[in-house]
C-alpha cells in the first residue's frame, strides 16, 4: 500500500511538471503552425510562471517567437509587441545562460568583453556536460543569432535611409553585438555601423569601428581602403585630436601611394585653414604629382600661390588648368581675376605714390593697368559663357569695359546685371 502511494505521488508530481510546462509546449506548437498571436500568449504565460520562468527552453522558444513577430509582414501580428527584435535578443541571451548547468556560468555578462571571452573559453572546451541541452545552444549560436543580426541590419538600413542616424546606429550596433556572439566578424556590418556612428556624431565609437576595419584591410580595393582612413581622420578632427588626424592621414598617404589623393586634399585643407601655407603647398604639389591631369588641382595651387605672393606661379597654374580643361569656370575666372586685381593694384599704387602733377607717369601706369585689364577680359568673357548669370563675373566685366572705354559692352553688361537683380 505504501509503495502504491509513492507511485501515485510520483505520477502526480510528473503530471504537475507537465502541466507547468504545457504553455511552453503549446507556444512551440503555435509557432510551428504560424499562429504567432497564440504563441505569444502561451510563451508570455510561461515566462510569468515561476516554474518555467527560469527554464532555458522557455526563452529559447520566446526568442524565436518574438523574432518572427519582429520580421512578419502580416498586419494581424504587427504591433503585438514593441521592440520585438530586442525582446528576441534578450531571450536568446537568457536561454544561453540558463542552459548552463554550472550556476556560476549563468552569471556571465555576455555583453562585456570579459564575459564574452569567458563564454568563448567554455564553448571551446566542447564539453556537453556544461549544458542542459547542447543542440539548442548550437542552434541559437549558429542559426538564430545570425538571422536576428540580419533583421537588425535591415532595420538599420531602413533608419539610415530615413536619415534617422541615432536609431540607425543603435540597430547596427546591436547587429554587431549579436554577430560577435555568433562568432562571425562581419566587416561589411562594421562599415555600415561606422558610417551610422559618424552621421550620429558618435565619433569615439566610430574610431573603434574604423580601427577594426583598417586592421582588417576592409575594402575591395585601395580606393575604398583610403576612404576608411579618411573617415577615421575626420573622426579625430571632430574629436579635436589634431595630431592623431595628421598622423592617420600621413600614414595613409604613405601606405597607399596610388590612391591617396583624398587624404592629400584633406591634409591640404587642414594646413590652408590653419594658415600653414608652406605645408599646404607641399601637399597640393603631391596631389598634382599623383594626378597631373586634374585641372582643379592647378586652380587650387594657383590660389595658394597668390596667397604666398608667388604671382608668376599662380598665373602659370591657372593657364595650365585652362589648357587641360578650356571650359573650367574656376580656372578662367581665377585667371581673369588675377589680371584684373593686378591692374587695380597698379592704379592704386600709382594713386598713392605718384604726385597728381606728374601726368606723364600717371598716364604710363594707366596704360600698364589697361594692358592688364585687356589680358583679364578674354578669361572673364569665357567665364561668362560658362556661367552667364554669375554676378561677380558680370560686375568685373562691366568695370573693365568702362575703364577701356568699350561703352557698348559696358551697357550690355549693365543691362544683364539689372535684369538679374530686378
Along the Cα→Cβ direction, 7 angstrom out, place labels at residue 422 and residue 75. What is the inter-label distance in nm? 5.6 nm
Give me the distance in nm between label points sitting 7 Å out from Cα along the Cα-to-Cβ direction at residue 104 and residue 389, one decimal. 7.6 nm
Give the angle, between 0 and 90 degrees and rounded to the nearest 10, that separates the Cα long axis of helix 113-124 from the longest principal axis of the Cα atoms of the chain. 50 degrees
Simple spin-label estimate for residue 35/residue 415, 7 Å along Cα→Cβ, in nm, reads 8.5 nm
Helix 311-324 versus the longest principal axis of the chain: what angle, 0 to 90°, nearest 10, using Cα atoms? 70 degrees
Tilt of helix 295-307 relative to the longest C-alpha principal axis of the chain, in degrees (0 to 90, nearest 10)? 60 degrees
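If packing is taken as the average count of other Cβ atoms within 10 Å, what order do 98-110, 257-269 fall into, highest mean first? Each step should come with its number before you reach the end.
Working: 98-110: 14.3, 257-269: 19.8.
The most tightly packed comes first, giving 257-269, 98-110.
Given contacts defined as C-alpha pairs under 8 Å and at least six residues apart, what's the relative contact order of region 322-382, whole-number percent? Each step should come with its number before you reach the end.
On the way: 49 pairs, mean separation 29.6, N = 61.
Once normalised by length, the contact order is 48 percent.
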For region 75-114, what are Rg and Dmax over the alpha carbons, in angstrom? 13.9, 43
What's the whole-number percent of alpha carbon pairs in region 211-285 lying beyond 15 angstrom? 51 percent
At R0 = 51 Å, FRET efficiency that the Cβ-Cβ distance of residue 126 and residue 291 yields, to 0.05: 0.40
Taking the structure as given and computing Kirkwood radius over Cα pairs in Å, which label from [x] 21.5; [y] 28.1; [z] 24.3 fits? [y]
Taking 0.36 nm per residue of separation and subtracting the Cα-Cα distance, what length does fully extending residue 381 through residue 358 add? 4.8 nm
Over region 306-422, with a single point scatterer placed on each C-alpha, what log10 of the ratio I(q)/I(0) does the Debye formula yield at q = 0.10, 0.11, 0.14 1/Å? -0.34, -0.41, -0.64
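For the chain, what's the relative contact order in percent, using C-alpha pairs closer than 8 Å and at least 6 residues apart? Working shown, then result.
Values: 483 pairs, mean separation 24.0, N = 422.
Here the relative contact order equals 6 percent.
Bear in mind that the values in this text are calculations on the coordinates, not laboratory data. Not measured: the values here are computed from a predicted model. For neighbour counting, all protein chains shown are included, and Cβ atoms are generated from backbone atoms with ideal geometry for every residue, glycine included.
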